[in-house]
Amino acid sequence: MEKLWGWVGILLVVLYGSQAISGDVDDVYQLKVVVAAYSTVNDSQSADEGMAGLLEASTGEYSKADLVALMETLGPSVKKMDAKTKREMALAFGETDIRYHLKFKSGNYVPTSLDMSTNLLYNVSYIVNTPSKLIHNIKTDIAIEKEAFANSGKVGSAVGFGMKIAFIFWDILHAITGVGLAIIMLLIGSIVGLLFHPIHSIANLIPVLWNVCVTLWHAIAYIFNVFK
């Protein structure tokens with residue numbers, strides 16, 4: 001476990017250090033990750049609707065990618081959500097967002113905001129869905145280069161190629177460090193969640209067991225969305 005902590009720590013420094021010095025490129029990358037979430041669940045229609053789609057999603061009709069985009073854009077408080085919504089959010093982030101989250105955009109920390117069972121759900125979902133998320137993010141990286149820099153000349157093509165390589169590099173680092181953190185937080189996050197939400201931790205156990213079965217299936221099924 002100590003070696004795991006060490007390697008995860010080193011790679012996290014490389015990841016966030018390189019993103020910090022990249023300036024606006026990192027902002028584009030963060031947006032790309034959300035776009036890749038739509039690719040993962042094969043929901044390009046919602047992605048095309050933009051903010052109007054997000055506002056509609058906030059009224060109750062949303063896909064997993066909508067929920068991730070909603071959380072990243074509007075940053076609603078997680079503490080005000082009911083148990084069912086928290087489980088849906090844990091699945092949404094675990095299945096579609098390649099970035100591992102210790103803290104939500106709203107400022108709420110994941111281990112303390114979710115109960116033991118939902119913490120377990122997020123971490124298991126993140127681990128088993130990482131191959132699918134990595135494939136869809138790299139697919140999105142390649143698509144961005146082809147579509148955004150197709151007719152931009154030699155300089156533009158070079159910029160597009162460099163951005164693609166940087167994005168793929170970050171995707172891989174996010175996948176490796178994310179799985180490492182998820183393994184560590186399987187225990188730590190669950191303990192913290194139990195201490196902060198003892199009643200919900202027990203009450204959510206049976207629904208989470210079903211959710212774990214579903215996310216195991218999605219881990220396989222979403223890979224095939226890359227061909228759609």
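The values are calculated or read from the model by the stated rules, or taken from the named source; none is laboratory data. Since we're looking at a predicted model, the values are computed, not measured. Cβ: placed from backbone, ideal geometry, glycine included. Neighbour counts: every protein chain shown. Side chains are part of the model used for accessible areas, which takes the heavy atoms of the whole protein and leaves out ligands, DNA and RNA. Shrake-Rupley method; radii C 1.70, N 1.55, O 1.52, S 1.80 Å.
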List the DSSP H helices in the chain whose Cα atoms stretch 18 Å or more along the helix axis and whose mean Kyte-Doolittle hydropathy is at least 0.5.
-> 2-20, 153-196, 205-221
Computed lengthening from residue 165 to residue 221, 0.36 nm per intervening residue step minus Cα-Cα distance | 17.5 nm
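For 98, 21, 144, 10, give me the order by solvent-accessible area with a 1.4 Å probe, most accessible first, ignoring ligands, DNA and RNA. Kindly include the intermediate steps, with their values, before the conclusion.
Values: 98 0, 21 145, 144 45, 10 95 Å².
Largest to smallest exposure gives the sequence 21, 10, 144, 98.
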Of 3/146; 146/228; 32/103; 64/103; 84/228; 154/228, those spanning more than 28 Å from alpha-carbon to alpha-carbon | 3/146; 84/228; 154/228
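Sum -39500 (n - 2.57) across every DSSP H segment of at least 4 residues in the chain, then divide by the residue count to get the 222 nm mean residue ellipticity, nearest 500. Mind dumping the intermediate values first?
Values: 10 runs with 179 residues, N = 228.
Using -39500 (n - 2.57) per qualifying helix, the result is -26500 deg cm²/dmol.
How high is the relative contact order of the range 127-183? Use alpha-carbon pairs under 8 Å, at least six apart in sequence, and give a whole percent. Mind dumping the intermediate values first?
Values: 31 pairs, mean separation 27.3, N = 57.
It rounds to 48 percent for the range 127-183.
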Taking H as built 1.01 Å from N, whose amide H comes closer than 5 Å to the amide H of residue 103, not counting residues under 5 places away?
-> 110
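Could you give the accessible area per residue of the chain, probe 1.4 Å, as a whole number in Å²? Spell out each step's value before the answer.
Details: 11470 Å² over 228 residues.
The answer is 50 Å² per residue.
Measure off, as a whole percent, the carbon and sulfur share of the 1.4 Å-probe accessible area of the chain, all protein chains present. Intermediate results must be reported in sequence, preceding the final value.
Numbers: 8000 of 11470 Å².
Carbon-and-sulfur percentage of accessible area, whole number: 70.
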So what does log10 I(q)/I(0) come out to for the chain at q = 0.11, 0.16, 0.17 Å⁻¹, using the Debye formula with one equal point on every Cα and no solvent?
-> -0.55, -1.15, -1.29
Order by protection proxy (mean Cβ within 10 Å, highest first), peptides 167-174, 34-41 = 34-41, 167-174
What figure in square angstrom, to the nearest 10, would you give for the accessible area of residue 142 with a 1.4 Å probe?
-> 60 Å²
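How large is the charge dipole for the chain, taken about the Cα centre, if only the Cβ atoms of Lys, Arg (+1) and Asp, Glu (-1) carry charge, to the nearest 20 debye?
On the way: 17 positive and 20 negative charges, 89 e Å.
Using Cβ point charges on Lys, Arg, Asp and Glu, the chain gives about 420 debye.
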Cα gyration tensor, the range 162-228 - rounded (a/c under 1.5), prolate or oblate = oblate
